[in-house]
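Notes follow the structure.
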Amino acid sequence: MSRIPGSSALLGCAALLVLASAAFAQTKVAVISLQRAVLESDEVQKAAVTMENKYKPRQQAIENLQRDLQGLQQQLQTGAGKLTPSAEADLTAQGQKKQRDLQRMTDDLQSDFNSERNEILGASTKKMAEVVRKLAEDKGYDVVVDTSNTVYFKPALDVTAEALAAYNKAYPAPK
């Protein structure tokens, strides 16, 4: 087997050159808590207050119905044995109707609230992704990773506050 003198030294130098060029081309990475950035944005905070005010009357109606239902149940308990069968049946029927109404109102409120919340969060998340993309381009990041999928990162890599500030500037909350 013939061997070229110095070939192992040549291969070693070539390997060092490849490793050196890879070291110079390091990937620039940033980390963001996308959920936190969206939830803490001025726009979403304002929307939360608006939604709370919007759904408060329906929530109060549900609470009033719950009190009415408790009052009927209490009447049935305190009147047990004292009420006529027809009065007891009437109170029971009223209670069942209020229970169905309560369930319906609760389900409708929850459905409407969740639908509106998901719509707001979905739109805000898309806008935040645009802001993060622009931030990454401006800062030269090759990759931005969400903290929910990250086991460990140095706090210096976290750009959540920076993205939140950029989002609030790009999408100010309506007055």
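The values are calculated or read from the model by the stated rules, or taken from the named source; none is laboratory data. Worth saying up front: this structure is predicted, and the values here are computed from it rather than measured. Please note: Cβ atoms are built from the backbone with ideal geometry, for glycine as well, and neighbour counts cover all protein chains shown.
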- So which of E162, E116, E130, E137 is part of a helix (DSSP H, G or I), loosely packed, with under 12 Cβ neighbours inside 10 Å and modelled with pLDDT of 95 or more? E137
- So S148 clears everything in (1) assigned to a helix (DSSP H, G or I); (2) surrounded by 12 or more Cβ atoms within 10 Å (Cβ to Cβ) except one condition, right? Which one? (2)
- Check whether at least one residue in region 96-112 is out of contact with any Pro (no Cβ under 6 Å at 6 or more places or on another chain), closer than 30 Å to N149 by Cα and not acidic (D, E), and report yes or no. yes
- Working only within region 76-98, note down all residues that are surrounded by 15 or more Cβ atoms within 10 Å (Cβ to Cβ) and either more than 25 Å from R58 (Cβ to Cβ) or not basic (K, R) (or both). L76, L83, E88, L91, Q94, G95
- Note on the structure: When region 121-160 is checked residue by residue, the ones that are over 22 Å from the mean Cα position of the chain (by Cα) and hydroxyl-bearing (S, T, Y) are Y141
- Please work out if A30 is touching a strand residue (DSSP E or B) at 6+ places or on another chain (Cβ under 6 Å), modelled with pLDDT of 95 or more and outside any loop (DSSP other than H, G, I, E, B). yes
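Results for (1) touching a Phe, Trp or Tyr at 6+ places or on another chain (Cβ under 9 Å); (2) closer than 18 Å to P174 by Cβ, shown as yes or no for each residue.
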residue: K97; (1), (2): no, no
residue: D101; (1), (2): no, no
residue: M105; (1), (2): no, no
residue: Q110; (1), (2): no, no
residue: E119; (1), (2): no, yes
residue: T125; (1), (2): no, no
residue: V131; (1), (2): yes, yes
residue: K134; (1), (2): no, no
residue: D138; (1), (2): no, no
- Note on the structure: Within region 119-141, the residues that are within 15 Å of I32 (Cβ to Cβ) and among the small types (G, A, S) are S124, A129, A136
- Message: Where the second residue is small (G, A, S) and part of a helix (DSSP H, G or I) and the first is touching a residue at least 24 places away in the same chain (Cβ under 8 Å) and under 17 Å from E52 (Cβ atoms) and lies in region 100-124, which pairs have Cβ atoms under 6 Å and are six or more apart or on separate chains?
- Response: I120/A47
